[in-house]
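Novice: This structure is in structure tokens; I'll ask about it shortly.
The values are calculated or read from the model by the stated rules, or taken from the named source; none is laboratory data. Note that the coordinates shown come from a computational prediction; the quantities given were computed from them, not determined experimentally. Heads up, the Cβs are rebuilt from the backbone with ideal geometry, glycines too, and the neighbour counts pull from every protein chain shown. For the accessible areas, the whole protein counts, side chains as well, though only heavy atoms, and no ligand, DNA or RNA atoms are used. Shrake-Rupley method; radii C 1.70, N 1.55, O 1.52, S 1.80 Å.
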Amino acid sequence: MEKPIKLEKDIDPAIRPQFLRNAGEAGTLIWEYNWAENPVGPISRWPHSLRTTLGIMLHSAFPMFLFWGKHRICFYNDAYRPSLGVNGKHPAIGKTANEVWPEIWEITDSLISEVYKTGRAQWFEDRMVPIFRNGRLEDVYWTFSHSPVYGDEDQIEGVLVTCVETTSKVNARKEIEETVASRTEELEQANASIREANAYLQDIINSFKQPLQILEPVFENGEIIDFRFKLTNQAYASYANTIPEKIQYKRVSEIFPGYLNTTSFSNVAKTYLSGITDTWMIHYDQDGLDLYNEMTAIKMGEAVILHFADYTKLKYLEFELLKKIAELESSNQNLQAFAHAASHDLKEPVRKIQIFTDRLKTQLVNQLTENDLAMLNKIANASKRMGNLIDDLLTYSQFSMVPLEKELVDLNENIQQVIEDLEVSIQETNASITLGKLPVVSGYKRQLNQMFQNLIGNALKYHNPEVPLHIDISSQPTSEHGKQYHLIEVRDNGVGFEQQFAEQIFELFTRLHAGGIQAGSGVGLSTVKKVVDNHKGFIKAQSQPGSGASFRVHLPFD
């Protein structure tokens, strides 16, 4: 049976080496540690250089840490102990450095290796070295030095770290710096406001381009009955065709008697009594003047500073602009009325072309060649398309004029009426319609009816003859940019179109399909967009060729 290893702690305490005596908790940990199984070896075999270094370190009141040997075995004194935290890393005596400091080993190894390589001591002040302690990774600041420790063979055997944790100092300094920066910013803002106010006041004093006056109240029986000019400038005196010296100390009513009936008196009196600065607009149409001013009254001591900003010229430009807008609106209305009348007047000659072409065909049917009949059919078809286009233009021009008042429109009733009106076309195309529950909206009933008629008619017109047509109409609430809408979707499985034309199809006279049963006037979807615009909504189209189309109408909640 092997003889058990006898630990140095089992030896008589009286033989504890001198460098470990009175060395505190760290000295006890070193003495009680089983060094026989450590690369450093038993204490009795330690070199004098290690003993000497530990003797200095353990009996120092300054925090110290020693990395020893090629394995970087860790030693530290009681003064360093708090830097290891409450638990976790302590006790670290006898462990390798990368075992104790895995989270910063790359940094620490680089610094230690530099000392081993160069033999020069290093110094760092308030350097952040994050360490894991107290159960978490902490940003810790240190002021420390790395010094070489030479062994008995005059070779560097270790690195002595003398350090002090400065985290609290650095954080306190940061807090002070942040406070100073915050206070500095506040002072800069305050100074900027003062500079701005001073610059504004200086501009007034230097330029005197705007009317300015300082008024003192005139009391009678405890009430303000007038104001007296204490100081004014030439810009103000020019209203009276005089100079400031001629009106100084006179009552304002002596120069402008009508002012007593305006806010240029009453609001100034309020400011004097309340001390509250006031700014207001005034149309001064007294004393033969016609002025538009912005007035600002500021109480200063026992007087009121009254500053004018004359925007009379700007106001007259506004009147001129409003007049031009009214003329433009009138012109637009006349243009719409003309388009409506012109379209209406065109219907009659087109109708006659259709009637007489049909009569001519009937009367001469036995005398016409096949080519003659083809030409007459082309005339009839062209006149029919022309009639449809005129009808569409009439509808479009009508929807350009928004009715005065809205009404509550039950879209369920509205859509049923449309389906009844299109019953023949629905039967001819053998179409099926799935209709969901639609909302009641505030709008223009006739326009909404026309909107559905064009959307469903569009699906019927552009169906695929080889595929049974299905139209799905549904509704749900939605929101766009913070605004609530009724989303009404009309979806079909027709021929569809390229998505790149999703905006273009709503333009007037735009048709993406031409010829045969897919011919159209190019006005229907333009009418739909006009109706949606009149209801302050918007419409989007989604499609791809051969996969049908979806028209999503957004009508705002009212």
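Novice: If you scan region 122-135, which residues turn out to be open to solvent by 40 Å² or more (accessible area, probe 1.4 Å), touching a Ser or Thr at 6+ places or on another chain (Cβ under 6 Å) and at pLDDT below 90?
Specialist: Listed by number, the list holds a single entry, GLU125.
Novice: If you go through region 304-319 one residue at a time, do you hit one that is open to solvent by 70 Å² or more (accessible area, probe 1.4 Å) and modelled with pLDDT of 85 or more?
Specialist: No, region 304-319 has no match at all.
Novice: In region 459-476, which residues are free of Cβ contacts under 8 Å to residues at least 60 places away in the same chain and under 39 Å from the mean Cα position of the chain (by Cα)?
Specialist: If the condition is that a residue be free of Cβ contacts under 8 Å to residues at least 60 places away in the same chain and under 39 Å from the mean Cα position of the chain (by Cα), then ASP472, ILE473, SER474, GLN476 are the ones that fit.
Novice: Moving on to the next point. What number of residues within region 213-225 satisfy the criterion of being in contact (Cβ under 8 Å) with a residue 12 or more places away in the chain and over 19 Å from ASP287 (Cα atoms)?
Specialist: 6
Novice: Please list, ordered by first then second residue, the pairs with beta carbon atoms under 7 Å, 6 or more apart or interchain, first in region 363-382 and over 13 Å from ILE353 (Cβ atoms), second part of a loop (DSSP other than H, G, I, E, B) and modelled with pLDDT under 75.
Specialist: Correct list of pairs: empty, since none qualify.
Novice: Could I ask something else about it? Does region 423-472 hold any residues that are open to solvent by 40 Å² or more (accessible area, probe 1.4 Å), charged (D, E, K, R) and not in a loop (DSSP other than H, G, I, E, B), and which are they?
Specialist: Selection gives GLU423, GLU428, LYS445, ARG446, LYS461.
Novice: All but one of (1) open to solvent by 60 Å² or more (accessible area, probe 1.4 Å); (2) closer than 20 Å to SER543 by Cα; (3) in contact with a helix residue (DSSP H, G or I) (Cβ under 9 Å, 6 or more places away or on another chain); (4) at pLDDT below 85 hold for ALA514, so report the exception by its number.
Specialist: (3)
Novice: Given the criterion modelled with pLDDT of 90 or more and surrounded by 12 or more Cβ atoms within 10 Å (Cβ to Cβ), identify the matching residue among ALA235, ALA269, ALA240.
Specialist: ALA269
Novice: Go over the candidates ALA92, ALA79, ALA36 one by one and state the one that is out of contact with any Cys (no Cβ under 6 Å at 6 or more places or on another chain), assigned to a loop (DSSP other than H, G, I, E, B) and among the hydrophobic types (A, V, I, L, M, F, W, C). Let's see the steps before the verdict.
Specialist: Details: ALA92 fails: out of contact with any Cys (no Cβ under 6 Å at 6 or more places or on another chain); ALA36 fails: assigned to a loop (DSSP other than H, G, I, E, B).
One residue alone meets the criteria, ALA79.
Novice: Quick one: would you say ILE107 is β-branched (Val, Ile, Thr) and over 24 Å from ARG21 (Cβ atoms)? I'd like the intermediate steps shown before the answer.
Specialist: On the way: β-branched (Val, Ile, Thr): yes; over 24 Å from ARG21 (Cβ atoms): yes.
Yes: the conditions hold for ILE107.
Novice: Could you list, ordered by first residue, the pairs with Cβ atoms under 6 Å in which the first is in region 532-558 and more than 12 Å from LYS483 (Cα to Cα) and modelled with pLDDT of 90 or more and the second is among the aliphatic types (A, V, I, L, M) and in a loop (DSSP other than H, G, I, E, B), at least 6 apart or interchain?
Specialist: ALA541/ALA502
Novice: Separate question: Which number in (1) in contact (Cβ under 8 Å) with a residue 40 or more places away in the chain; (2) under 60 Å from the mean Cα position of the chain (by Cα); (3) within 25 Å of ASP152 (Cα to Cα) marks the one condition that CYS74 misses?
Specialist: In the conditions (1) in contact (Cβ under 8 Å) with a residue 40 or more places away in the chain; (2) under 60 Å from the mean Cα position of the chain (by Cα); (3) within 25 Å of ASP152 (Cα to Cα), CYS74 misses (1) alone.
Novice: Okay, moving on. Somewhere in region 473-493, is a residue in a loop (DSSP other than H, G, I, E, B) and modelled with pLDDT of 90 or more?
Specialist: Yes, because at least one residue in region 473-493 is in a loop (DSSP other than H, G, I, E, B) and modelled with pLDDT of 90 or more.
Novice: Something else about it: Scan region 161-182 residue by residue and report those that are assigned to a strand (DSSP E or B) and open to solvent by 30 Å² or more (accessible area, probe 1.4 Å).
Specialist: Selection gives THR162, VAL164, GLU165.
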